[in-house]
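The values are calculated or read from the model by the stated rules, or taken from the named source; none is laboratory data. Please read all numbers here as calculations on a predicted model, not as lab measurements. No Cβ is skipped: glycine too gets one built from the backbone with ideal geometry, and neighbour counts run over all protein chains shown.
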Amino acid sequence: MGEKITGNKTNFHSHSLFCDGKAPLEAFVKSAVEAGFTAYGVSSHAPLPFKTAWNMDREEVPAYLREMERLKEVYRDRIALYTGMEIDYLNEVWNPASDYFQQLPLDFRIGSVHLVYTPEGEIVDTDTGAESFKQLIADHFAGSLEAIVGACFEASLQLVEKGGFDFIGHPNKIAFNAEAYRPGATGEPWYKVHVGRLFEALKENHIMVEINTKAYLTKGCFFPDRSLFGWLKELELPVVVNSDAHRPELVDAGRREALKALKESGIRSVMELEAGSWVPKEIV
């Protein structure tokens, strides 16, 4: 059975009805308390300069911040709560380092890439189903997997260069769609070059890496996948384990399995927010 993981009960990536989550904020907090969590962070999808089905509207931000302050007070004796946002890198103007996001009273910020520009300048979402991903490549990238993957990694590098966030959300998530499109693609040299460049940039800019467990129950994988954990260890990149929960019952999904896989890869600690600061905690 191997060593049992019993500690490190934290999560700093989750969504609620303020964006594309499926329940009110308090339902997630209650679930975290029931699971014995010591700290929990909510990270609604930040506003974009246009409407989407998943992002919070800018007009809703004050209500989001007020609700988090209310919950911090209500649950202050039971769990440490932190207010965050998952902020998309869109371009040089709209990204986590933008003045608007930096001036918000947030406890932490996640920098993520979901959207990329096509060669024609159209914005498209790469975080989609396999069939939609295949159609994107056909319609906008001249049938080239390398082109859409390259656009995603280039946006990720620009995100890291701009900074303004604590950890990168689900890095290399495009790997799942890339493998569905062409099995074995993520093992090809060109793909590994992209991953290496991103990891080196994260190290150079002292940015933590999220181990995202959202897909573990349904797809059996993490983002980045466990096959890359050795690379993270070699570069001594600090990691934070999060479930990216969109439903309260999933706040703890995949956490133990990710911690176990990290430990088996030689990574002995994860980053956790404690009294407002990120500190390394031994995996126990």
Q: Mind listing just one residue for me: the one in segment 60-73 that is loosely packed, with under 15 Cβ neighbours inside 10 Å and free of Cβ contacts under 8 Å to residues at least 24 places away in the same chain and, of those, farthest from PRO105 (Cα to Cα)?
A: GLU73
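Given the criterion among the aliphatic types (A, V, I, L, M), under 17 Å from the mean Cα position of the chain (by Cα), crowded, with 19+ Cβ neighbours inside 10 Å and under 20 Å from ASN177 (Cβ atoms), identify the matching residue among LEU273, LEU198, LEU217.
On the way: LEU273 fails: under 20 Å from ASN177 (Cβ atoms); LEU217 fails: crowded, with 19+ Cβ neighbours inside 10 Å.
Result of the check over LEU273, LEU198, LEU217: LEU198.
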(Q) Quick test of your reading of the structure: GLY84 fulfils all but one of (1) farther than 17 Å from ILE174 by Cβ; (2) surrounded by fewer than 20 Cβ atoms within 10 Å (Cβ to Cβ). Name the failing condition by number. (A) (2)
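For segment 245-257, how many residues meet the condition of being small (Gly, Ala, Ser) and assigned to a helix (DSSP H, G or I)?
The initial filter retains those residues of segment 245-257 that are small (Gly, Ala, Ser), namely 245, 253-254.
Now restrict to residues that are assigned to a helix (DSSP H, G or I): none.
Number satisfying all stated conditions: 0.
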Q | Candidates ILE137, ILE110, filtered to the one that is β-branched (Val, Ile, Thr) and under 17 Å from the mean Cα position of the chain (by Cα) | A | ILE110
**Q.** Filter result for VAL209 (under 20 Å from SER156 (Cβ atoms), in contact with a strand residue (DSSP E or B) (Cβ under 8 Å, 6 or more places away or on another chain) and modelled with pLDDT of 95 or more)
**A.** yes
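Residue-wise test of (1) within 26 Å of GLY143 (Cβ to Cβ); (2) in contact with a helix residue (DSSP H, G or I) (Cβ under 9 Å, 6 or more places away or on another chain).
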residue: LEU157; (1), (2): yes, yes
residue: ASN177; (1), (2): yes, yes
residue: ALA185; (1), (2): yes, yes
residue: TYR191; (1), (2): yes, yes
residue: ALA201; (1), (2): no, yes
residue: ASP225; (1), (2): yes, yes
residue: GLY230; (1), (2): no, no
residue: ASN242; (1), (2): no, yes
residue: ARG247; (1), (2): no, yes
Q: Output the residues belonging to segment 258-274 that are part of a loop (DSSP other than H, G, I, E, B) and on the phi < 0 side of the Ramachandran plot.
A: SER265, ILE267, ARG268
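Within segment 215-229, track down each residue that is without any contact (Cβ under 8 Å) to a residue 40 or more places away in the chain and closer than 12 Å to GLY254 by Cα. Lay out the reasoning, then the answer.
Quick first cut of segment 215-229, residues without any contact (Cβ under 8 Å) to a residue 40 or more places away in the chain only: 215, 217-218, 220, 222, 226-227, 229.
Across segment 215-229, the qualifying residues are ALA215, LEU217, THR218, GLY220, PHE222.
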Q: Just give me the residues in segment 245-269 being over 26 Å from ALA23 (Cβ atoms), of a type outside the set (S, T, N, Q) and surrounded by 16 or more Cβ atoms within 10 Å (Cβ to Cβ), in sequence order.
A: LYS260, ALA261, LEU262, LYS263, ILE267
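I'm trying to understand the selection: among the residues of segment 220-244, which are in a loop (DSSP other than H, G, I, E, B) and buried (at least 17 other Cβ atoms within 10 Å of the Cβ)?
Taking segment 220-244 and keeping what is in a loop (DSSP other than H, G, I, E, B), we get 220-222, 224-225, 236-238, 243-244.
Answer for segment 220-244, where residues must be in a loop (DSSP other than H, G, I, E, B) and buried (at least 17 other Cβ atoms within 10 Å of the Cβ): CYS221, PHE222, PRO224, ASP225, LEU237, PRO238, SER243, ASP244.
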Q) Looking at (1) modelled with pLDDT of 95 or more; (2) more than 16 Å from LEU273 (Cβ to Cβ); (3) under 15 Å from the mean Cα position of the chain (by Cα), which is the one condition that is false for TRP54? A) (1)
Q | Among (1) in contact with a helix residue (DSSP H, G or I) (Cβ under 7 Å, 6 or more places away or on another chain); (2) in contact (Cβ under 8 Å) with a residue 60 or more places away in the chain; (3) among the polar types (S, T, N, Q); (4) farther than 30 Å from VAL284 by Cβ - the single one SER44 does not satisfy | A | (2)
Q. Which one is nearest to the chain's Cα centre (by Cα) among residues in segment 159-195 that are surrounded by fewer than 20 Cβ atoms within 10 Å (Cβ to Cβ) and of a type in the set (Lys, Arg)?
A. LYS162
